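These notes are about the structure you will find just below.
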Amino acid sequence: MVNVHIHEFQPAGAVVDAAALGQFQEQWATYRKLVDSNCLSHAQVGGLLQDSLNDAFTGDISFLDIACGDASMMKTALRGTKVRHYHGIDLSQPALELAARNLAALPFEVDLDHRDFVEAMMQRPEHADAIWCSLSIHHLQVHDKLALMKAIRGAAGDEGTFMLYEPTLMPGENRAGFLDRFQRVNKRLWNVLTDDEWDQIWHHVATCDFPESPEVWLELGREAGFAQARQVFVDPTDFFRIFRYEV
């Protein structure tokens, strides 16, 4: 893995989504079952990301993966793209070790930062051509979401693009309604999980998930300074959407 480098950082303060991180580390195997069974639409999402990168960029690009986890989707999504450098950020050391293995055979340099992604973005001086974040920003409160997206806008520079995959409220739905819908719909659909595994996921969602409506996700991008914001994908269950922001 000569092209893969893992960097350690000492946290400068409290981790913004520490509760979510702790639960996630305990539930890694359960989360992997959802990914491997495509319950979270990663197959479609990875294909859309690949197509978007190939459509948007003709030359070599730098790719920033915020809260990258084990980068399992990127193993296929970034193959055949113009990515020349991949930079992943995650606070889970086991996830980064898996990411190093997943990305080792790909033809670009890989830097992985063991670090809180919020802190990393607030202090980031480097530009990235394409920025991706999946199923992570919804752990933050709305003012922290905006602050992070402003930092992402700064990293995108003059020609960059940012794509965000997140759980989303239905029109007129509040968080309580989302939680009710989540339990009612997904407990039946996610039948690959045992009862204990479902309970793990449900506890995480009920305590750590703060989704926004599509309108709010789009407005956060505009308020952060992106000139264009649009929705480009809705998963079959209508829980998860991809938003694309351009400068």
Exercise for review: Could you please let me know if residue 232 is within 20 Å of the chain's Cα centre (by Cα), hydrophobic (A, V, I, L, M, F, W, C), within 23 Å of residue 42 (Cβ to Cβ) and surrounded by fewer than 16 Cβ atoms within 10 Å (Cβ to Cβ)?
Suggested key: yes
Point to revise | residue 65 being charged (D, E, K, R), closer than 13 Å to residue 130 by Cβ and in contact with a helix residue (DSSP H, G or I) (Cβ under 7 Å, 6 or more places away or on another chain) | key: yes
Point to revise | Of all residues in region 98-140 being of a type in the set (D, E, K, R) and outside any strand (DSSP E or B), the one that is surrounded by the fewest Cβ atoms within 10 Å (Cβ to Cβ) | key: 126
Point to revise | Of all residues in region 141-188 being open to solvent by 60 Å² or more (accessible area, probe 1.4 Å) and of a type in the set (S, T, N, Q), the one that is farthest from residue 73 (Cα to Cα) | key: 174
Study note, to complete from the structure: Within region 143-196, residues being in contact (Cβ under 8 Å) with a residue 12 or more places away in the chain and in a loop (DSSP other than H, G, I, E, B) number 11
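The values are calculated or read from the model by the stated rules, or taken from the named source; none is laboratory data. Bear in mind the structure is a predicted one, so any value in this text is a computation, not a measurement. Note that each Cβ is placed from the backbone with ideal geometry, even for glycine, and that neighbours are counted across all protein chains shown. Surface accessibility is based on the protein's heavy atoms, side chains included, excluding ligands, DNA and RNA. Shrake-Rupley method; radii C 1.70, N 1.55, O 1.52, S 1.80 Å.
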